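Engineer: I'd like to ask some things about the structure below.
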Amino acid sequence: MHNLIIWLNNLLRGNRKKKFAPADVLVMFSHCLQNSDCPQKIIKDLAECKRCGKCVVKDVLELSERYKVQCSVASGGQMALAKCTSGTVKAIVAIACEKELSAGIKGIYPKPVIAVPNTRPYGPCKDCLVDIGELEKSVRDMVGDAV
Ligand code: SF4
């Protein structure tokens with residue numbers, strides 16, 4: 001069911017031509033992308049990331065900077081929802097597991113969301129990964145040729 005909601009949401013978003021200013025777009029990712037041995041308190045402040053490359057957080061931050069979009073991390077669904085419903089955010093590219101994404105799509109509606117499911121080679125909520133190419137394509141779908 002979660003996969004169906006994500007597939008339908010992304011299909012509908014893909015058919016819409018509306019683009020957003022990069023500053024209005026938020027890349028939101030779940031905390032489980034951070035390397036589980038990393039001591040940096042990125043939940044408190046993303047600038048805490050030393051960009052050592054041991055996890056994909058470095059890539060997500062660099063991509064967000066390159067496209068000049070907002071970037072934020074959340075430790076759970078409620079925190080993510082609070083950030084996504086902020087008035088400074090008009091569109092979201094969200095990275096999380098399918099369950100969190102489908103709940104987020106419903107919670108954030110009618111704000112547009114592109115959902116990018118993470119992958120979990122080490123099991124749920126631990127050292128998760130994301131396809132950076134897919135993330136970049138999703139950001140480009142939101143900002144168009146603005147960058
Ligand atoms: S890139 Fe390095 S410093 Fe940044 S969150 Fe990942 S492990 Fe920590």
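Engineer: If packing is taken as the mean number of other Cβ atoms within 10 Å per residue, what is the order of 62-73, 35-46, 90-101, 18-29, highest first?
Structural biologist: Numbers: 62-73: 17.5, 35-46: 12.9, 90-101: 22.5, 18-29: 19.4.
My ranking of the peptides, most packed first, is 90-101, 18-29, 62-73, 35-46.
Engineer: Here's a follow-up. Give me the Kirkwood hydrodynamic radius of the chain in Å, from all C-alpha pairs, to one decimal place? Walk me through the numbers on the way to the answer.
Structural biologist: Values: mean 1/r = 0.0661 Å⁻¹.
Evaluated on the chain, it is 15.1 Å.
Engineer: Does anyone have the angle between helix 2-14 and the longest principal axis of the chain? Alpha-carbon axes, 0 to 90°, nearest 10?
Structural biologist: Approximately 60 degrees, to the nearest ten.
Engineer: Moving on to the next point. In vacuo Debye scattering of the range 63-147, one point per C-alpha: log10 I(q)/I(0) at q = 0.19, 0.21, 0.23 Å⁻¹?
Structural biologist: So the normalised log intensities are -0.88, -1.08, -1.27.
Engineer: Let me ask something else. Structure shown: which of Lys19/Lys83; Lys17/Lys126; Lys18/Lys54; Lys68/Lys126; Lys18/Lys106 lie over 24 Å apart, alpha-carbon to alpha-carbon?
Structural biologist: Working: Lys19/Lys83 20 Å; Lys17/Lys126 36 Å; Lys18/Lys54 36 Å; Lys68/Lys126 28 Å; Lys18/Lys106 20 Å.
Pairs exceeding the cut-off: Lys17/Lys126; Lys18/Lys54; Lys68/Lys126.
Engineer: Go through the range 50-56 residue by residue and turn each phi into a ³J(HN,Hα) via Karplus (6.51, -1.76, 1.60, θ = phi - 60°); whole Hz please, and just put x for glycine and proline.
Structural biologist: Along the range 50-56, the couplings run 8, 6, 6, x, 6, 8, 7 Hz.
Engineer: Over what distance in Å are the Cα centres of the range 125-147 and the range 35-69 separated?
Structural biologist: Spelled out, the Cα-based centre of one part sits 14 Å from the other.
Engineer: Follow-up. Between Trp7 and Ala23, with labels modelled 7 Å along Cα→Cβ, what's the label distance in nm to one decimal, could you check?
Structural biologist: 3.9
Engineer: Treating only the Cβ atoms of Lys and Arg (+1) and Asp and Glu (-1) as charged, compute the dipole magnitude of the chain about its Cα centre; round to the nearest 20 debye. Don't jump to the answer; show the numbers that get you there.
Structural biologist: On the way: 22 positive and 15 negative charges, 74 e Å.
Value, rounded to 20: 360 debye.
Engineer: Net charge within 12 Å of Pro22 by Cβ-Cβ distance, Lys/Arg positive one each and Asp/Glu negative one each, not counting Pro22 itself?
Structural biologist: Spelling it out: positives minus negatives among the neighbours equals +2.
Throughout, read-outs are computed from the coordinates displayed, never taken from laboratory work. This one's a predicted model, so the numbers in the text were calculated from it and none came from an experiment. FYI the Cβ positions are ideal-geometry reconstructions off the backbone, even for glycines, and counts take in every protein chain you see.
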